[in-house]
Amino acid sequence: MKGILAGAIVAGVAAAARRGVAQSASGALFPNDLGPTSIDVSSYPKEYQETYKVFQFKCAACHTIARPINSQYVELSDAQQAAMKTSTPEMFKDPAVWQIGAHIWNRYVKKMMAKPGCPVGRDGKRIWQFLVYDSKVRKTGANAVAWKSSRQKLLEEFAKANPARYHELFPSTVAAK
């Protein structure tokens, strides 16, 4: 089973490459594409470890898996956001590093599922739940400083390599500098 899944993941990445999806720094369309292409989920609950495999396979069919892994999205309930605005207000100052919303991953997964040929299907809810959990673990709390540093590095590399695209994606950031 693992061999089949690994082969399917490789096939999904190859299919994405054939459609012209950026797989390298030189042709990246988003800063996220420049970042890591995997997550260490060994400490995650078993359910999320299994969903991670589904996420990799299904999402790599359309774009590099680095794109969602390195996304700035963090989905928090309104109550969680209110608490975080008090405890860590800096997380709400730069949406290029942290874009926090009550339904942000939910909307994103639904948007992807609406695209023609999207293979997510019935796994959409599982993938959404994984992304919510993962973004909280890797981008907030004790890991917030490391995430910020990593994300800012991606943004800087992307801005240097793709200034026009960077300006298109983050016009207010460019104007502020």
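Every number here is computed from the coordinates shown, using simple stated rules; none is lab data. Note that the coordinates shown come from a computational prediction; the quantities given were computed from them, not determined experimentally. Reconstructed Cβ throughout: ideal geometry from the backbone, glycine too, with neighbour counts over all protein chains shown.
Quick notes on this one:
- In segment 65-117, the alpha-carbon atoms span a convex hull of 72 Å³ per residue.
- Rounded to the nearest 20, the Cβ-based charge dipole of segment 116-177 about its Cα centre (Lys and Arg +1, Asp and Glu -1) stands at 200 debye.
- Label zone (GLU156, point 7 Å along Cα-to-C-beta; backbone nitrogen cut-off 19 Å) within segment 55-73: 70-72.
- Hits among aspartates and glutamates - C-alpha to C-alpha of LYS53 under 17 Å, sequence gap 8 or more where chains match: ASP40, ASP123, ASP134
- Cross-link table LYS46/LYS125; LYS110/LYS148; LYS85/LYS110; LYS93/LYS125; LYS93/LYS139, entries beyond 20 Å C-alpha to C-alpha: LYS110/LYS148; LYS85/LYS110; LYS93/LYS125
- For LEU29, residues with placed amide H under 5 Å, excluding near neighbours: ALA22
- Cα shape, segment 47-157, gyration tensor, a/c 1.5 rule: prolate
- Residue-wise HN-Hα couplings along segment 58-69, as the Karplus relation 6.51 cos²θ - 1.76 cosθ + 1.60 with θ = phi - 60° gives them from phi, are 5, 6, 5, 5, 10, 7, 4, 5, 4, 4, x, 4 Hz; Gly and Pro carry x.
- Taking amide H as placed 1.01 Å from N in the peptide plane, VAL97 has no amide H partner under 5 Å among residues 5 or more places away or on another chain.
- Selection from HIS103, ALA79, PHE92, by position along the positive dipole direction of segment 68-113 (Cβ): HIS103
- A straight chain from ALA164 to GLU50 at 0.36 nm per residue would run longer than the Cα-Cα distance by 37.2 nm.
- When the alpha carbon gyration tensor of segment 115-177 is reduced to an equivalent ellipsoid, the three semi-axes, largest first, read 28, 20, 9 Å.
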